[in-house]
Amino acid sequence: MAQQDKSTWIRADVIKYLGRVLPRTGRDPAAAAALLENLADRVLRSEFEPVVCLEAPEAVEVPRSLLRADGRSIYQRHGGTRYATRAQLAMEERMVAQAGASGAPRITRAQAARVVGADPARLEDALTGRAQDTRAAQDTRTGSGLREDQAAAALAALTDGRLVSVINAPTGSGKTRVLAEIARIWAARGGEVIGITPSQSARNTLATGVPGSFNAAQFLGHLPGRRGARGPVRIGPGTLLVIDEASMLSGPDLADLIAYAQACDAKIILAGDVSQLQAVENGGGMSLLAQTLGYALLAEPVRFRQTWEQQASLRLRDGDTTVLAEYDQHARIIGGDPEQMMDAAAAAYIALATAGTDTLLMAADHALRRELNRRIRDDLITLGLVQPGPAATIADGTQASPGDLIICTRNDHYVEAGEPGRALAGAPCVAPNWPAWTRPASWPRPSPDGTWPAPATSPASSTPGSATASAPSSRCRPGRGRRRSLPSPTRTAALTSPRSRR
């Protein structure tokens with residue numbers, strides 16, 4: 001279980017997962033703790049399957065006076081030794097070897113430069129960092145509409161002849177736009193292009209430029225608890241797979257995609273940000289490939305209105321904490337006592353949401369999230385943007401009425417959300433006693449377990465990264481799923497989420 005969730009793990013992870021599967025009652029606490037410790041030690045001794053310690057040996061011999069009782073140096077973090085199964089390491093080694101294989105479909109550099117409408121020499125300079133005026137090069141537009149750094153990345157990915165090419169890009173630098181242009185170029189030459197993303201929301205974004213797009217689970221044919229049960233989407237030789245947000249793709253899925261592409265004589269282009277948070281599951285695959293194979297870099301984030309914020313975001317991305325002073329100088333950091341900050345956050349959210357701005361409000365825990373939801377919903381009712389009733393009780397005892405938005409995580413891909421392939425969240429967020437006024441004839445009937453799915457068409461079916469929702473239930477982890485709206489003549493929003501999107 002630890003290896004399914006993490007590419008590497010520590011002893012404490014083993015104990016945590018053992019505690020989840022062992023009975024929690026009927027055993028003396030001291031005996032249960034001793035059992036967990038013993039089983040963890042046996043796991044690390046490879047008694048159940050081969051386990052590899054990933055800690056490097058000490059560079060020099062450490063004096064006995066600097067050793068702990070367990071024999072480890074005081075300079076090594078206590079409990080920080082990381083492990084992985086041999087199967088995991090073998091999967092990663094195989095993935096890297098396959099990804100770096102040559103002979104994949106490609107086009108020549110001259111052809112690529114011509115179709116992107118740029119001078120090949122300038123693109124080469126941009127790739128190697130020899131451009132004399134980097135900022136001017138990034139601002140220069142090619143015949144295809146791409147910036148020169150974007151066109152250079154497209155050139156590298158289309159022409160290197162490797163099975164997998166990597167584009168590393170910070171948020172806002174236009175990596176999805178680059179993938180769309182790469183797809184256009186490949187399709188214009190008669191090749192098939194398929195887009196793949198880790199999530200359905202990312203798929204919806206990519207599909208605007210690459211119509212034939214799937215989330216990874218759909219493409220690989222996963223079913224709950226059964227990887228690849230339906231089999232992957234069939235592709236032919238010469239197919240190009242463009243994978244957006246690849247840094248958030250799980251390691252096993254990425255390995256399966258690479259093996260499949262190699263078997264079908266296809267080509268893969270990964271685009272993502274190795275500096276952002278990795279996949280919720282066993283992640284790190286794109287970072288490993290970028291480190292091993294190299295990558296083309298989009299170095300300029302342009303999705304900022306303020307010039308200072310472009311460079312500040314790059315410094316923050318690189319872990320430079322001194323840049324926080326610059327954010328503070330521009331009033332981007334506001335501090336105060338908890339109650340004051342709660343009121344300020346709720347007021348700011350309402351002001352932005354009622355002005356039509358998509359807003360994400362994050363909270364540290366579920367208790368704060370519920371309180372923020374309550375305050376925001378009360379204010380929206382006072383403003384007449386949410387009706388006080390009739391109300392439905394959803395999980396966690398929260399009330400929802402016309403005008404409220406609800407965010408969920410369990411996707412029901414049989415319920416369309418305004419366009420083919422775009423699905424709303426699944427039914428578990430809705431209570432079985434949903435009142436009659438919320439069930440238009442166009443809605444599906446309840447499922448056998450008595451829960452109600454969302455309406456087939458919803459005014460609140462935009463991308464969840466920008467959407468917000470009121471009254472998320474305890475059974476739905478806010479911030480990671482699709483959302484739905486109760487029928488209302490007025491479209492309003494009130495979001496709280498205990499965790500940020502990655």
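The values are calculated or read from the model by the stated rules, or taken from the named source; none is laboratory data. Remember, it's a predicted structure, so these values are computed and weren't measured experimentally. Because the Cβ atoms are built from the backbone with ideal geometry, glycine has one as well, and the counts that use them run over all protein chains shown. Accessible surface is based on the protein model in full, side chains and every heavy atom, while ligands, DNA and RNA are left aside. Shrake-Rupley method; radii C 1.70, N 1.55, O 1.52, S 1.80 Å.
Things to note:
- For Met342, solvent-accessible area (1.4 Å; no DNA, RNA or ligand), Å²: 20 Å²
- The slack between Thr307 and Ala32, meaning 0.36 nm per residue of separation minus the straight C-alpha distance, is 93.2 nm.
- Coupling constants for region 233-247 follow from the phi torsions by the Karplus curve (6.51 cos²θ - 1.76 cosθ + 1.60, θ = phi - 60°), and in residue order they are 4, 6, 10, x, x, x, 6, 9, 9, 9, 10, 9, 6, 5, 5 Hz; glycine and proline get x.
- Gain on full stretching of the segment that runs from Arg24 to Ala188 - 0.36 nm per residue minus C-alpha separation: 53.0 nm
- Between the alpha-carbon centres of region 72-93 and region 353-376 there is a gap of 39 Å.
- Each label point was placed 7 Å from the Cα along the Cα-to-Cβ direction; for Asp320 and Ala87 their separation is 4.4 nm.
- Per-selection Kirkwood Rh - region 230-381 (Cα, Å, 1 d.p.): 19.5 Å
- For Ser213, distant residues with modelled amide H under 5 Å away: Gly195
- Within the accessible area of region 253-313 (1.4 Å probe), percent carbon and sulfur: 48 percent
- Under conditions of 20 °C and 1.002 mPa s, region 67-118 yields 133 µm² s⁻¹ as its translational diffusion coefficient, taking Rh as the Kirkwood radius over Cα pairs in the Stokes-Einstein equation.
- Tail fraction, Cα-Cα pairs, region 57-180, threshold 24 Å, whole percent: 52 percent
- Linear extension gain, Arg64 paired with Glu281, 0.36 nm per residue minus alpha-carbon span: 74.2 nm
- Rounded D (µm²/s) - region 108-237, Kirkwood Rh over Cα pairs, Stokes-Einstein at 10 °C, 1.306 mPa s: 99 µm²/s
- Dimensionless Rg/Rh of region 211-251 - Kirkwood Rh, Rg from C-alpha atoms: 0.98
- With the alpha-carbon atoms of region 92-131 aligned to their principal axes, the span from lowest to highest coordinate is 37, 23, 11 Å, starting with the largest.
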